[in-house]
1. 7 Å from Cα along Cα→Cβ at both residue 85 and residue 98: what's the point-to-point distance in nm?
2. Please work out which option in (i) 21.2, 79; (ii) 15.6, 43; (iii) 37.0, 120 gives Rg and Dmax of the Cα atoms in Å calculated from these coordinates, and answer with its label.
3. Relative contact order, percent, of segment 1-84 when contacts are C-alpha pairs under 8 Å separated by at least 6 residues?
4. For residue 38 and residue 11, compute 0.36 nm times the residue count separating them, minus their Cα-Cα distance, and round to one decimal in nm.
Amino acid sequence: MQSLLIAALVFALLVAVFASQNVEPTQINFLFWGGETSLVVVVIIAATLGALIMGLPGWIKQFRLNIMLRNSKARIKKLEEEVETLQEALSRLRRAEEEDEETQLERLVVEDNNKE
């Protein structure tokens with residue numbers, strides 16, 4: 001990532017040097033628009049638009065990934081809450097089962113005592 005940033009900065013520096021050395025006015029025609037401006041302006045605008053166009057897919061992908069991450073975190077939180085609820089229910093069921101076993105044992109003891 002750092003090497004990409006360094007390469008971009010070197011490229012930006014080269015564009016700035018090139019633009020500053022070419023300051024003469026230039027005739028520009030684009031579709032139905034035309035005019036005269038400095039070559040510096042043309043080069044800087046072209047480089048800026050190129051960087052924006054190249055960066056747009058990455059920004060869109062990053063935006064989508066952030067949305068997916070946010071949704072995933074919310075889903076994880078819901079699932080963790082559900083796990084906690086289910087664990088509490090399981091614990092209650094196990095206690096109830098133990099109480100039922102104790103009650104059945106007491107009943108059997110009472111029945112055995114009554115038979116004697």
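1. Spacing of the two 7 Å Cα→Cβ label points: 2.5 nm.
2. Of the labelled values, this structure produces (iii).
3. Answer for segment 1-84 is 18 percent.
4. In short, 7.7 nm is gained.
No lab work stands behind these numbers, since they all come straight from the coordinates. None of these values were measured; they are calculated from a predicted model. Heads up, the Cβs are rebuilt from the backbone with ideal geometry, glycines too, and the neighbour counts pull from every protein chain shown.
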